[in-house]
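> Here it is: the structure, laid out below.
Every number in this text was worked out from the coordinates using simple rules, so none of it is lab data. Note that the coordinates shown come from a computational prediction; the quantities given were computed from them, not determined experimentally. In this analysis, Cβ positions are derived from the backbone assuming ideal geometry, glycine residues included, and neighbour counts consider all displayed protein chains.
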C-alpha cells in the first residue's frame, strides 16, 4: 500500500482536525473531502475535494460511490450526524471489500442520534443521566431543559423556568424532549477504540468556553471516576473508532451523561495536541500495524 486514502464526508469547518492527519508520520495519507457546501473551509486543505449533492438528493449516494472508486478510498469518516445517518441508510454499497466504513451499527445510531431513546438507554442500563420529564405527569420541579430530540451541536435548546413556559414549549416543539436541568462542570470525553473494540483513548475535557454548542476552550482533567464510567459506557455500546461523550460532573462527584456522538467531537483537537495522537493511531490501524 503506497498510501492510505481516506474520505472525510461533510467535513465542513473541521480544518484543524484534517490537518492533524497530515502531520509528519511514517505512513503517508491522501485525504479526500466531499461536502455539499462549495464554500466548506475543510475542502481547501484536503488533497482532493469534491462538491456533492445534498444527502436528500437521490444521486448523492452514486456520487460518493464514484468518488470512492475513482480515488481508491480505504476508509470513510462521516463527520456529522446527518452524514452518519445517510451512510447508515446506504451502508450496503460501501461496507464491503477493503473499504473500512467508520460507522456504528444501525441500532446504535438510532439510539445515540435520538435524545429520547438515548435518555431511555441511560436509564435502562444504569448510567446516571438527567431525568427525562413527561410534561403531562408530575415531576420534581423546575428548572427544565428542552432539547430537539434529533438535534446536533447544542442547537434549539431552551431553559424552562415555570409551567407557563413548559405549556408553551411542549405545544410549540412537539419533537423536543424535556429533562431536569442540571448544573455542574460540563465535560466532553474523547474516545477512540480499535476495530476490535479495545479502548485506546479515553480523555475527559472540561468545556470552559462553548459557542453554538461547539467547544472553543477546554481543559483536560484525568478524573478516574469519569474515565471508568466512560469505559463502561463505551464497552456496553461496543464502540469502534472515534466517539465523544458529554455530561456534567456534580458537586457530589456523580457524573451525569447527556449525549453520545458517534464521531469526532468538536474539541478532539485539544486531546490530540495534548498527546493522544488519534490520527496516527487510525493510520497505523489502516496500515495493518499495531497501535
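> Only Cα pairs within less than 10 Å get springs; with that Gaussian network setup on the chain, which residue of 161, 280, 206 has the largest fluctuation?
Checking each option, the largest mean-square fluctuation is seen for 161.
> Also: Just to confirm the number: angle between the C-alpha axis of helix 115-124 and the first principal axis of the chain, 0 to 90 degrees, nearest 10?
Tilt relative to the chain: about 70 degrees.
> Please give the calculated 222 nm ellipticity per residue for the chain, where each DSSP H segment of at least 4 residues contributes -39500 (n - 2.57) and the sum is spread over every residue; nearest 500 deg cm²/dmol? Please report the intermediate quantities before stating the final value.
Numbers: 9 runs with 83 residues, N = 291.
Calculated mean residue ellipticity at 222 nm is -8000 deg cm²/dmol.
> Now, a different point. With the contact rule set at Cα under 8 Å and sequence spacing of 6 or more, what percent relative contact order holds for region 132-180?
52
> Quick check on the exposure proxy: order 9, 166 from fewest to most C-beta atoms within 10 angstrom. Display every interim value, and only then the final one.
Details: 9 24, 166 18.
So the ranking, lowest neighbour count to highest, is 166, 9.
> Let me check against my output: what whole-number percent is the relative contact order of region 4-103, with C-alpha pairs under 8 Å and at least 6 apart?
The value is 31 percent.
> Which of rounded, prolate or oblate describes region 225-267 when judged by the alpha-carbon gyration tensor and an a/c cut-off of 1.5?
In terms of gyration-tensor shape, oblate.
> Sort out for me the Cα centre separation of region 34-52 from region 59-74, rounded to whole Å.
14
> Which of the three applies to region 132-180, rounded, prolate or oblate, going by the alpha-carbon gyration tensor with a ≥ b ≥ c and a/c under 1.5 meaning rounded? Provide the component values of the computation, followed by the final result.
Numbers: a/c = 1.71, a/b = 1.59, b/c = 1.07.
Cα axes put region 132-180 in the prolate bin.
> Nearest-5 percent of antiparallel DSSP beta bridges in the chain?
Of all bridge pairs located within the chain, approximately 70 percent are antiparallel.
> Continuing with this model, one more query. Take the chain, connect every pair of alpha-carbon atoms lying under 10 Å apart with a spring to form a Gaussian network, then pick out the residue of 142, 77, 30 with the largest mean-square fluctuation.
Ranking 142, 77, 30 by mean-square fluctuation puts 142 first.
> Same structure, new question: Measuring from a point 7 Å past the Cα of residue 69 along Cα-to-C-beta, which residues in region 79-106 have an amide N at less than 18 Å?
90-100
> Moving on. How many angstrom lie between the C-alpha centres of region 234-273 and region 173-213?
4
> Under 8 Å for C-alpha pairs, at least 6 residues apart: give me the relative contact order for the chain, rounded to a whole percent. Intermediate results must be reported in sequence, preceding the final value.
Working: 528 pairs, mean separation 46.5, N = 291.
16 percent.
> Something else: In whole Å, what are the extents of the chain along the principal axes defined by its C-alpha atoms, from largest to smallest?
62, 44, 31
> Given labels modelled 7 Å from the Cα in the Cβ direction, how far is it in nm from residue 161 to residue 194?
5.3
> Any chance you could give the angle, 0 to 90 degrees and rounded to 10, that helix 163-172 forms with the longest Cα principal axis of the chain?
Rounded to the nearest ten degrees, it is 40.
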